[in-house]
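Only one structure is covered here, and it is reproduced in the block below.
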Amino acid sequence: MDKREFIKTVGAASLCTFINPLDALGFNLLNTQNKKVLILGGRGFLGPSIVEAFLTSGYQVTLLNRGKTNPHLFKNLPIIICDREKENKKGLKEIPQKYKDTYWDVVIDTWQKSPKSVADFLDEFKGRFGHYHYISSISVYDKWDKKFIVETEPLNPLPKSPRTISEDFRYAIRKTFAEEAIRERINNFTIYRSHGMRDFRVGGLGNPDAEPFWPVRFYRGGTIALPYEENHHMQVTDIKSLVNFILQCSIAKTYGSYNVAYHPTPFKDYVSSLIHATKVPEKMHWIDGDFFIKNELIPYKIVPFWRQKPKGFYHFNVQKAINAGLVNRPMVNMITDQINGYKSRYPNDDVQFGEIINGKQVKYYSAKKEKEVIQKWLNR
């Protein structure tokens, strides 16, 4: 199947005109003038997108972080240097009194490794903010054994609450603990349960494993191998759409917990968006999924956006967020941002997937492996 035939077959639904959700819903951004927002983080993976959106919308933005990640960003903004991950609230207690006396209309917590630090912040700033936003994850759900999990499904069972910052838990439990700490302390919150966030930026700058495999693969062009499996879907969170939703929830004072992602998307539709974003694949081979697996191209672990189990993966229900005003921009726009971000980080296009570099296996699979699998498929 060539590119032209595939586009005609799948269509171009993802190219619908994107309307700014705040404009579409008639929000008056003048209402945000002089309102103060405190962003916990702000210079890491999704933080800059949040900062930029709130600045553009007229908020007075202050950052609170350790001053270690991307210190070159937002030098003109006030920043509270604070390490929340110190025992006995030591970092929080060192914050200058003028910031503690400030009333923050909005607080956005982008992420903390320690759920105890979330609880500590809420205790220390109790009554000093109007609306608290927390970036969470769909990993907080206990069982993923069915499709279209909604926000009321049971969350992970938890051990005893951490008494110290240093207590170590796996990612999903940390997120669940943080949510529990929020619900126990306040009711003026919005929790965003994301599903594999994608953006111009990546988490882990300089780490090839963090780079977007499929957008880079299509950007490079040539002959591409794709896994074929019935009912193959993918699902991710577009950070720009998420950020617009956070901004909208701030303005509208929308509270509660929300799954925030694209609707479950057929993988072929995602491929259509990849083609529209790059316009370079020469040919695609849709290869039986079992053949992929037989040749060590394992779903999820090696081949991204392909997961056979559990049932709920890539199938979370996002209708509550849609009803509350989430507008997901066309997927081709997200992919274009990813490619542009990759090109800015690697102008020589020299990331190598699936290779052994400095004794370590890089994620995904190599161009050599892909050619071998295609040739075996044609010769079968």
Exercise. Can you name every residue in the range 105-135 that is open to solvent by 10 Å² or more (accessible area, probe 1.4 Å) and in a strand (DSSP E or B)?
Worked result: D105, F129, G130
Exercise. Which of the following residues is modelled with pLDDT of 95 or more and more than 28 Å from G289 (Cβ to Cβ): K376, K369, K343?
Worked result: K343
Exercise. Between residues in the range 77-102 that are farther than 17 Å from S114 by Cα and in contact (Cβ under 8 Å) with a residue 60 or more places away in the chain and residues that are open to solvent by 70 Å² or more (accessible area, probe 1.4 Å) and among the charged types (D, E, K, R), which pairs lie under 9 Å by C-beta distance while being six or more apart or on different chains?
Worked result: T102/K36; T102/R128
For this session: Find all pairs meeting these conditions: Cβ atoms under 8 angstrom apart; at least six residues apart or on different chains; first residue within the range 152-163 and free of Cβ contacts under 8 Å to residues at least 24 places away in the same chain and under 30 Å from Q319 (Cβ atoms); second residue of a type in the set (D, E) and open to solvent by less than 90 Å² (accessible area, probe 1.4 Å).
Result: E153/D142; P154/D142; N156/D142; P157/D142; L158/E180
Exercise. In the range 174-207, which residues are of a type in the set (D, E) and outside any helix (DSSP H, G or I)?
Worked result: D199
Problem set entry | Any chance N70 is open to solvent by 40 Å² or more (accessible area, probe 1.4 Å) and on the phi > 0 side of the Ramachandran plot | yes
Exercise. When N70 is evaluated against the numbered criteria (1) modelled with pLDDT of 95 or more; (2) within 25 Å of the chain's Cα centre (by Cα); (3) part of a loop (DSSP other than H, G, I, E, B), which criterion, by number, is the only one it fails?
Worked result: (1)
Exercise. Would a scan of the range 56-67 turn up a residue that is under 16 Å from F200 (Cβ atoms), among the small types (G, A, S) and open to solvent by 10 Å² or more (accessible area, probe 1.4 Å)?
Worked result: no
For this session: Collect the residues in the range 136-157 that are open to solvent by 30 Å² or more (accessible area, probe 1.4 Å), of a type in the set (D, E, K, R) and under 19 Å from R183 (Cβ atoms), keeping them in residue-number order.
Result: D142, E153
Exercise. Out of (1) surrounded by fewer than 17 Cβ atoms within 10 Å (Cβ to Cβ); (2) assigned to a loop (DSSP other than H, G, I, E, B); (3) not aliphatic (A, V, I, L, M), the odd one out for K371 is which?
Worked result: (2)
For this session: Evaluate the range 334-346: report whether one residue or more is surrounded by fewer than 18 Cβ atoms within 10 Å (Cβ to Cβ) and in a loop (DSSP other than H, G, I, E, B).
Result: yes
Exercise. Inside the range 355-368, can you point out the residues that are at positive phi and open to solvent by 70 Å² or more (accessible area, probe 1.4 Å)?
Worked result: N358, G359
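The values are calculated or read from the model by the stated rules, or taken from the named source; none is laboratory data. Treat the numbers as computed from the prediction; the structure is a model and nothing was measured. Backbone-built Cβ (ideal geometry, glycine too); neighbour counts: all protein chains shown. Heavy atoms of the whole protein, side chains included, go into the accessibility calculation; ligands, DNA and RNA do not. Shrake-Rupley method; radii C 1.70, N 1.55, O 1.52, S 1.80 Å.
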